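Readers should treat all values here as calculations from the given coordinates under stated rules, not as data from a laboratory. Values in this document were obtained by computation on a predicted structure and should not be read as measured data. We place every Cβ from the backbone using ideal geometry, glycine too, and count neighbours over all the protein chains shown.
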Ligand SMILES: Cc1ncc(C[n+]2csc(CCOP(=O)(O)OP(=O)(O)O)c2C)c(N)n1
Ligand code: SF4
């Protein structure tokens with residue numbers, strides 16, 4: 001009987017000899033690998049500009065072998081707007097994407113994020129939603145779920161004191177300038193495959209000039225959740241997907257703006 005061998009290689013869009021320095025079991029590493037694989041498949045490495053944010057996403061420029069700009073404190077979509085427009089004005093069409101935490105995209109930078117979507121900037125934004133401020137020690141973020149215990153909500157998030165979590169992919173989908181808005185997860189192989197397809201579609205929509213494309217990636221933060229990597233994935237599958245369903249909320253090709 002013949003057996004086929006699958007040989008896994010490091011994507012060209014990841015720097016040679018890279019060792020991810022995220023915490024063990026953190027989904028940031030999986031998300032970045034998927035982004036790199038899609039950049040390779042679409043032959044985008046040479047024409048890409050990646051915009052990193054504050055938080056653990058900042059490490060992107062250590063790992064991705066593409067031109068990167070570090071834009072902390074929520075300004076990634078504004079910087080991406082400038083990069084995309086300036087290159088276009090000079091006759092060169094760069095592929096521009098942001099890679100941001102949920103705190104960065106949906107709290108500190110909500111204004112920049114939302115208005116870039118409303119303007120229909122032809123960029124792609126990726127938001128890693130791990131439901132807390134990971135890098136700074138697991139404080140409550142805009143996406144922390146109801147009842148979630150964090151270092152700044154020791155008795156759990158409650159609506160009277162903290163209000164409700166923001167459902168980013170649903171909100172972005174409501175903006176007329178948006179071509180694509182979806183939420184994906186990485187807790188098992190099926191979802192990882194779906195996440196890659198979704199990232200590819202969002203990237204292709206930018207290449208087709210269709211406007212702002214957005215992917216929210218539900219991700220684990222085992223360190224701050226104080227769970228093992230597999231327990232963290234179970235939490236996403238069994239708890240967080242109730243607040244944050246895995247779904248395409250807008251696809252301009254299927255449901256154009258009204
Ligand atoms: C305006 C502002 N306030 C506070 C900070 C401090 N800060 C740096 S990283 C970070 C957490 C970012 O969390 P998130 O975007 O969710 O990314 P994660 O680390 O979870 O991937 C914070 C609050 C900051 N950089 N800017
Ligand atoms: S703090 Fe959380 S998000 Fe940051 S690298 Fe560690 S596990 Fe990942």
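A few points about this structure:
- Residue 118 versus residue 227: modelled label distance in nm, points set 7 Å from Cα along the beta carbon direction: 3.5 nm
- In range of the label at residue 87: residues from the stretch 211-249 whose backbone nitrogen is under 18 Å from the point 7 Å along Cα→Cβ: 211-214
- The helix-only estimate of mean residue ellipticity at 222 nm for the chain, built from DSSP H runs of length n ≥ 4 each weighted as -39500 (n - 2.57), is -9000 deg cm²/dmol after division by the residue total.
- Cα-Cα separations in the stretch 76-180 greater than 21 Å, expressed as whole percent: 41 percent
- Debye equation applied to the C-alpha atoms of the stretch 26-81, log10 I(q)/I(0) at 0.13, 0.17, 0.18 Å⁻¹: -0.31, -0.54, -0.60
- Percentage, to the nearest whole number, of Cα pairs in the chain over 22 Å apart: 52 percent
- Computed over the stretch 132-258, the convex hull of the alpha-carbon atoms projects to a mean area of 8.7 nm².
- Cα convex hull of the stretch 8-145 - mean projected area over all directions, nm²: 8.6 nm²
- Neighbour-count order for 192, 108, fewest beta carbons within 10 angstrom listed first: 192, 108
- As a proxy for reagent exposure, 244, 161 were ordered by neighbouring Cβ count within 10 angstrom, fewest first; the result is 161, 244.
- Here each label is just a point 7 Å from Cα along the line to Cβ, and for residue 194 and residue 62 those points are 3.2 nm apart.
- For the chain, DSSP calls about 25 percent of its internal beta bridges antiparallel.
- Here the simple spin-label model places points 7 Å from the Cα toward Cβ, and for residue 254 and residue 176 these points are separated by 2.3 nm.
- For 75, 45, order by how many other beta-carbon atoms lie within 10 Å, fewest first: 45, 75
- The order of the peptides 7-19, 90-102 by mean Cβ neighbours within 10 Å, most packed first, is 90-102, 7-19.
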